[in-house]
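The values are calculated or read from the model by the stated rules, or taken from the named source; none is laboratory data. Values in this document were obtained by computation on a predicted structure and should not be read as measured data. We place every Cβ from the backbone using ideal geometry, glycine too, and count neighbours over all the protein chains shown. Accessible surface areas use protein heavy atoms only, side chains included; no ligands, DNA or RNA. Shrake-Rupley method; radii C 1.70, N 1.55, O 1.52, S 1.80 Å.
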Amino acid sequence: MKRLFLAIIIVTAVGCKKDDLPKSQVLNENWQFKKSADTSWYAAKVPGQVHTDLLNNQRIEDPFVANNELDLQWISEEDWVYKSKFSVDEETLKRKHLELKFNGLDTYASVFLNDSLILNSKNAFRTYQVDVKSIIKSENELKIVFESTGKHETLEAEKLPYKMPVDKRVFTRKPQFHYGWDWGPILTSSGISRAIELVSWNDLKIRDVYFKQNYLDDGSASLQAEIDIEYDMLSEPVEIEIFVNDELKSTTELSIVSNTFSVPFQIKNPKRWWPHNVGEPYLYSMKAVIKHDGRILDQVEKKKGLRTVALIQEKDNAGKTFYFKVNGVPVYAKGANYIPQHSFQGEVTKADYERLLDDTVDANMNMLRVWGGGIYEEDIFYELCDEKGIMVWQDFMFACAMYPGDTAFLENVKQEAIDNVKRLRNHSSIALWCGNNENNEAWHNWGWQTDRGQEEIDEIWESYQALFNGVLPDVVNQYHSEIDYWESSPSFGRRDPRSLTEGDAHDWWIWHDEYPFEHLLEAIPRFMSEFGFQAFPSYEAIKYINGNDSISISSKAFDTHQKHPRGYSIIRNYMERDYPIPEKDEDYVYMSQLVQANGMVLGFEAQRRARPYNMGTLYWQLNDCWPVISWSSIDYLGNWKAMHFKTKKAFEDILVSTKVDNDTLKTWIVNDKLEKQSGVLNSKIIDFNGRIIWENKQQVEVSSNTSELKLQHSLRDSTFDKNKVVLVSEFNGKTNHYYFSRPKDLALHTAEILKTIEPTEGGFKIELSSPTLQKDVFLYSSTKGRFSDNFFDILPNTTVVIEFETNHKTFEDLQIKSFNNFIR
Ligand code: BMA
C-alpha cells in the first residue's frame, strides 16, 4: 500500500513538470587568480592556464620569445589559486540534483565551493563529478588551489627504494611534454584546462550513450544504444526512442531498475564511413530519447559512422603483416604523428583545429597518430577527424618512461582510461588504441636496466605489465571492444631485426643514428609509425622567436628553441652530405627545409612502393607546440615547411615513383584507390635546357589498391651525364621528377625566373617560367597568405601557375629563391 502511494507521487511529480530537461551551466566567466602567497587577484581566462593568465596581465614576458622560457621556471614551483563567483537561478536551485562537473583540472587541485572542500583531484586527464546539492546557493564562490606538481612528485619518488628511469613526470598524470621534450619547452603549467559545468536535473539524466555497432554488412547494420543514466525513478516505466537521421528506428518500454541498459536497433542498407581517400566519410546522426508519459526526460545526439576497422596481423613468409582493414578492405595509412598544438592548450581555438586538420587532408593523409606524450585531444579534434575521414591511432598518454605500478596509481589510470575511452568511443575515426610511446623499447634498449638489481628490474617490468597488458587493454576490451589494442609503439627497437618483419617501427637510424637517407630505400618495415628529420621553421616563426624582424639563427637566445642536444650538428652533417652549405642564415633555413623534405620523400616513396609488405607511413611529426626547430612539417604559426608541400605530392593516391637499381631504372605506379587506373605512362630523360635524351610511352593498367612495377629500362649503355639530367615521369596528370645525382652535384644553370602577377578574386595568380630547369623554387613574402604550391621545380620553357590566397589587396614583395643559385 505504502509503495503504491509513493509510486503515484513520483508519477505525478514526473508527469506534471514542464521544461525540466537536465541543464548544464558552463562556469567560464568571472575568474580571477593569484599566487597562493600573494594578496592581489588578477583576471583569468577559463579554460586556460597560469602562464597565459600571467602573460595577459603583463606579469611575465611571452614564454615563446627568445629565452624567456628559462626565466619562467619559478611559475611551476608556486601554488596558484583560482576563484569565481556564480549565481544559480531559483528554478535550478530547486532541482533535485545539482552537480559540478570538472572536465579538466591540471593537476593537483583542491576545490572549494562556498568554503567547503568538495574535491581533491590528481589527474589532469580525468573528469570529476561532485554532488553539490547540499551546499550550493543562489550566490556562490568556487575556489581552486593548484599545488606545485614538484611537491607531489618528490613525495611519490621517496616512496620507492630506487629511482625510476625517468624521474618526476611519471608520478603526475598530466601532459608529459609539459616537462620538456626534444621539441618542446619546459613549461609545466597548471590551471582549469577544460570547462567546469553546473549540471542539474530532477528525475533522470543520461550520463552516456554508446551507439555500439555489433554487426555490419551491405544489407544491414545491427547496433545497440548502451545507455548510462542517473535516476530517481526506481521501477518507473519509461519509453526509449532511437532516431537515426531523424527517423524513428525503435521504441522500447522498460521499467527503470538499474543505471545501464541497452536498446537494439537496425539500419537497412547502411552507408559506410570511409577514410576520405577511398570513399566518403559518411556520418549518421543518432539520437537516444528517454520519455515518461510522452514527455522527454533527456536525450543525447551523436554523429556516428558505420565501419569495421581491424589491425590485421597474420603470419607470412617474412614475419607478420601489420595493416588496417577498413570495411574489409586493406587501407594504406599515410599520415603523421600529432602532438598538442600549443604548450598552453587553452590557447588552441576551433579554427586552429580546422586549419590543421584541413592541412592534413590537403596533404593526402588519412591517418594521424595522437602521440602518448601529449593529451587525449578535445572532442572537436575527433569530430573533425570523423567528418574529414581521417583515421586516428590513439595512444594512451604515456611516453618514453617507466611508470609506477602501485595500486593507487593503477586505479587512477584506470579511471582516466575509462573516462577517455567512453568519451571517444562513438568516434568512427578511432582506429586503434595504443598503450604507450616507446616505453617498451626504452626499457629494453636505452640502458635503463644497467646498474639495477634483479628485484628492481622485475618490479619495474611488472608495473609495466600491469599497466599496459592489464589495466589498459582491459578497459578497451570492456568499453570499446570493436577496436584493437596495441601495447606499445614501436613493437621492437630498431636494433631488433624483427622491427623490419613484424609490428610497427620507429626508424631513428635516420636522424638519431645519422644514417644517410638512402638507408630508407632498403630498410622497409611492415608499418612505419615514426621516422623524421628536423628543419628550421618559417621566417615568420624565426622572427617570432627573435622578438624582432630578424631572420638570424645564431643568437644564444635563439638556441633555446633547439631542444635536441645534437640538433644543429645533425642538420649540418646531413646538409654537407648532399647539399651546398649556404652562408646567409635565411638561405640556411631554406636549405634545411630541403634536406628534410627530400630525405623524407625518399622514405615515403620507398615505403609506398613496397606495399603490401609495408602498409603505412606516419612521419614524425606533423606540428609544433611553440616556435621551434623541429621535425614538424607545419610550424607553430601554421606555415608549411617544404616538407608539407612535398609530402602532399608523395602522398597522392596515385603516385609515380622511380628508383635506380644496379643500372636499371625502375618506375612503379602506386594506386591507393579502390578503382583500377589506366593511362599512358610517359617517361623522359631531359637535360636542364629541355632537350630530350630518352623517351618512352606506354599504355598501362594498374590494379586497385596496389603498387606495380611498370617500367624497367637498362641504363648500362646510356651516355648521359648524371649530373645534367632529370627523369620526368607522368601518368594521368601525376608527375614525378627523379634526379640521378645528389643535389649538390647537379650542374644546374642560373637564369632569371620570369614572373607575372595578376590579381584574382581570392588573391593573386603568379606565373613563372624559365629557359632552364629551376629546382626547388621557393616563393615567400611578408604579405600574409598562402601559396597553392611551393618548393617546386620549373621545367625548362614551361609555365608554372601558382595561386596566392590572401586578404591583402596589394602584393608587391614576392621574393623567389631557386636551388640553382646555390650551385657553385
Ligand atoms: C620519437 C618520439 C618523440 C621524440 C622524437 C624525436 O621517438 O616519440 O619522443 O620527440 O622521437 O626524437
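The listed residues Glu502, Glu803, once ranked by accessible area (1.4 Å probe) with the largest placed first, stand as Glu803, Glu502. Fully extending the segment from Ser285 to Asn548 would add 89.8 nm, taking 0.36 nm per residue of separation and subtracting the current Cα-Cα distance. Tell me the carbon and sulfur percent of the accessible area for the chain, rounded to whole percent, probe radius 1.4 Å. Ligands and nucleic acids excluded, carbon and sulfur give 47 percent. Remark: the Cα gyration tensor places segment 138-189 in the oblate category, a/c being 1.5 or greater and a/b not exceeding b/c.
Screening the chain for whole DSSP H helices of 15 Å or more along their axis (Cα) with average Kyte-Doolittle hydropathy at least -1.0 returns 2-16, 407-424, 585-609. Taking the chain, how much of its Cα-Cα pair set, in percent, is spaced more than 37 angstrom apart? Across the chain, Cα pairs with separations above 37 Å total 49 percent. Using the Cβ-Cβ distance between Asn573 and Glu456 with R0 = 41 Å, the FRET efficiency computed as 1/(1 + (r/R0)^6) comes to roughly 0.60. Between Glu139 and Ser24, the FRET efficiency from the beta-carbon distance, with R0 = 25 Å, is close to 0.80.
Please give the calculated 222 nm ellipticity per residue for the chain, where each DSSP H segment of at least 4 residues contributes -39500 (n - 2.57) and the sum is spread over every residue; nearest 500 deg cm²/dmol? Rounded to the nearest 500, the figure is -6000 deg cm²/dmol. The phi torsions of segment 332-338, fed into the Karplus equation with coefficients 6.51, -1.76 and 1.60 and a -60° offset, translate into couplings of 6, 8, 10, x, 8, 8, 10 Hz, rounded to whole numbers, with Gly and Pro shown as x. Extension gain, Val801-Val680: 0.36 nm per intervening residue step, less the Cα-Cα distance, totals 41.2 nm. The distance between label points at Asp246 and His519 comes to 5.8 nm (points 7 Å beyond Cα on the Cα→Cβ vector).
Please say if segment 118-224 is rounded, prolate or oblate, where rounded means a/c under 1.5 for a ≥ b ≥ c the square roots of the C-alpha gyration tensor eigenvalues, and otherwise the choice is prolate for a/b larger than b/c and oblate otherwise? Oblate shape, in that a/c is at least 1.5 and b/c is the bigger or equal ratio. For segment 300-452, the square roots of the Cα gyration tensor eigenvalues, ordered a ≥ b ≥ c, give a/c of at least 1.5 with a/b no greater than b/c, which places it in the oblate category.
For segment 518-525, 3J(HN,Hα) computed residue by residue from phi via the Karplus equation (6.51, -1.76, 1.60; θ = phi - 60°) reads 4, 3, 5, 5, 9, 8, 10, x Hz, glycine and proline entered as x. Distance between the modelled labels on Lys325 and Asn689, one decimal in nanometres: 5.8 nm (7 Å Cα→Cβ projection). Under the criterion of Cα pairs below 8 Å and six or more residues apart, the relative contact order for the chain equals 9 percent.
A cut-off of 5 Å between modelled amide H atoms, ignoring neighbours fewer than 5 places along the same chain, links Glu502 with Lys320, Arg526. Measuring with a 1.4 angstrom probe and ignoring ligands and nucleic acids, Glu514 comes out at about 40 Å² accessible. Solvent-accessible surface of the chain, taken per residue with a 1.4 Å probe and all protein chains present: 40 Å². As I understand it, the dipole of the chain uses +1 on the Cβ of Lys and Arg and -1 on the Cβ of Asp and Glu, about the Cα centre. Which of Leu711, Leu234, Gly470 lies farthest toward its positive end? The Cα lying farthest towards the positive end belongs to Leu711.
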